[in-house]
Structures are given as structure tokens and as C-alpha cells.
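Okay, so here's the structure we're looking at.
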Amino acid sequence: RIRVAEQKRQEDDKRRQAQILAQKQAEQQRIKEEAELLDRSKKVDLQGKRGKLQINLQWKSLDDLDLHVYDPDNNHIFYSSKQAICQNSLGQLDVDANAGSGQTKTPQENIYWDSEAPEGTYKVEVNHYTYRELSSCPFVITIIPELGERKVYSGRVVGEKSTVTVA
């Protein structure tokens with residue numbers, strides 16, 4: 001009895017160790033993919049207009065990710081509401097990749113304010129609208145204000161129709 005119980009305990013330990021190892025390897029792969037995407041984003045020209053404020057989304061798959069931005073008046077700019085006026089300034093989505101035909105492996109989406117960037121707090125989200133390739137899709141958001149430093153955020157949306165708040 002003691003020998004059987006000991007063997008079962010050892011087998012359970014081996015199974016747990018294998019699970020832990022698999023989880024660590026998967027996490028290392030995710031980190032590697034995000035680092036590669038961040039590195040690539042530094043070398044890629046951003047699509048869309050620059051304006052006084054530009055918010056750009058990049059990813060690397062045929063999936064359809066969507067950029068959603070809520071301006072300081074809580075207007076929602078995204079694929080089905082491409083423009084909004086806030087503080088007499090027009091924000092607009094001018095690049096919407098992988099939405100229908102003509103998919104690319106290096107897609108971008110872009111929202112910008114041409115005349116003035118409204119003052120206040122913005123909310124930036126990424127939605128995994130259509131799964132075609134990656135159920136867990138890494139992305140990079142680049143925010144470029146007229147004044148100040150460019151900010152780059154990386155993240156991942158997991159599962160079709162899921163949404164991640166980025167900034």
C-alpha cells in the first residue's frame with residue numbers, strides 16, 4: 001500500500017511539474033511575440049493621418065481587431081461611428097484594416113484629430129472583432145500627441161469579441 005501511494009504521489013508531482021513547465025513555455029512565447037511586435041512597430045511607418053493627436057493600432061495577423069476611442073465628452077469613435085465632434089474638434093477613424101475583403105498580415109487602424117486635440121481624458125480600447133488566425137492576438141497602440149512624447153502600449157486580446165482597455 002505504501003509503495004502504491006508513493007508511486008501515485010510521484011506521478012502526480014510529475015504531472016504538476018509538466019503543467020508548470022508548459023505554462024512557463026507558453027508565457028515565454030507570448031513575451032517573445034509581444035517583444036517582436038513592439039520592435040516591429042518602431043520600424044513601421046504608421047498609416048493614416050497624423051493630426052494634432054494620433055492613436056494607431058498595429059497587429060500581425062489576418063484577424064480583424066478594432067480600435068475604439070472615447071473622447072473627453074465620451075463620444076465613441078470606432079468602425080460604425082467613424083467621426084465625432086468634441087470641443088469643436090473633429091476626431092475620425094481613417095484606417096480600418098481587415099474589416100472585409102483585402103486582409104493583410106500587417107494591419108493598422110488609426111484615429112486622429114486634425115485641428116485641435118480636445119482637452120481631457122480619453123479611453124482607448126481594442127476589440128477582437130473577427131477571429132481568423134489567432135485566438136490570442138498581440139497588438140501595439142501608439143499614441144502621438146502634438147506636444148509631448150509618443151507613448152507605446154502593448155497588449156493582447158484573447159478570444160473573439162473580447163475587448164481590452166489599453167489606456
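A 1.4 Å probe run over the protein chains yields, for region 1-143, 59 Å² of accessible area per residue, whole-number rounding.
Axis of helix 2-43 versus longest Cα principal axis of the chain: the two differ by about 20°, to the nearest ten degrees. Counting only protein heavy atoms and using a 1.4 Å probe, the accessible area of residue 106 comes to about 70 Å². To put it simply, the accessible area of the chain at a 1.4 Å probe is 48 percent carbon and sulfur.
Across every pair of non-identical alpha carbons in region 71-167, the mean reciprocal distance, once inverted, gives a Kirkwood radius of 14.6 Å. If the segment from residue 85 to residue 6 were pulled out straight at 0.36 nm per residue, it would be longer than the present Cα-Cα gap by 21.5 nm. For the chain, excluding the exposed loop sites themselves (GluC sites (Glu not before Pro), DSSP loop, at most 10 other Cβ atoms within 10 Å), the longest remaining stretch covers 1-118. Backbone N atoms of region 129-167 closer than 18 Å to the 7 Å Cα→Cβ label point of residue 29 belong to residues 132-139, 156-160. Per residue, the convex hull spanned by the Cα atoms of the chain measures out at 143 cubic angstrom.
The values are calculated or read from the model by the stated rules, or taken from the named source; none is laboratory data. Please read all numbers here as calculations on a predicted model, not as lab measurements. All Cβ positions, even for glycine, are placed from backbone atoms using ideal geometry, and neighbour counts span all protein chains on display. Ligands, DNA and RNA are stripped out before the accessible areas are found, and what is left, the full protein with its side chains, is counted by its heavy atoms. Shrake-Rupley method; radii C 1.70, N 1.55, O 1.52, S 1.80 Å.
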